[in-house]
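All remarks here apply to the structure that follows.
The values are calculated or read from the model by the stated rules, or taken from the named source; none is laboratory data. Everything numeric here is computed off the predicted structure, so don't read it as measured data. Cβ placement follows ideal geometry from the backbone for every residue including glycine, while neighbour counts extend to all protein chains displayed.
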Amino acid sequence: MVSGSEDGTVRVWDLRKGACTTAIDAWHGASVDVSSGVLGERSPWVGCVALDSLENWLACGSGGGAITLWSLTAGVATARMRTLAPPQTLLLPGDRIVAGGSEPYVTNWSLSGAPPLHP
């Protein structure tokens, strides 16, 4: 399971162990150490997250008006897509990212972060 937070992190949870296994600073594109319990100042908040069906890709929608795409297999941020407003919902169907929110439309990007696709 993954969860977004007001502290700007996305946490990956192992539900069998009931513990966070990985924390990601979504805005700065880096993994963070959660063992100390002190994450420092992170910004902006993460309001929505999505995994693809194989759990290889993670999309994080941030309050700074961006979506950061992570390769979970490589453990790195691979793309950042700017949005006009903070995204409020994300989907990763197939090979694309679908985002919606307070903007009056839905946007599609490829997993490479290429410009929005049109239907």
Being buried (at least 20 other Cβ atoms within 10 Å of the Cβ), modelled with pLDDT under 90 and farther than 16 Å from residue 108 by Cα, is that true of even one residue in segment 36-59? no
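Looking only at segment 87-112, how many residues end up being out of contact with any Pro (no Cβ under 8 Å at 6 or more places or on another chain) and closer than 20 Å to residue 8 by Cβ?
As a first pass, look at segment 87-112 and keep what is out of contact with any Pro (no Cβ under 8 Å at 6 or more places or on another chain): 87-98, 103-106, 110-112.
Next, from what is left, pick out any that are closer than 20 Å to residue 8 by Cβ: 87-90, 97.
Counting residues in segment 87-112 that are out of contact with any Pro (no Cβ under 8 Å at 6 or more places or on another chain) and closer than 20 Å to residue 8 by Cβ gives 5.
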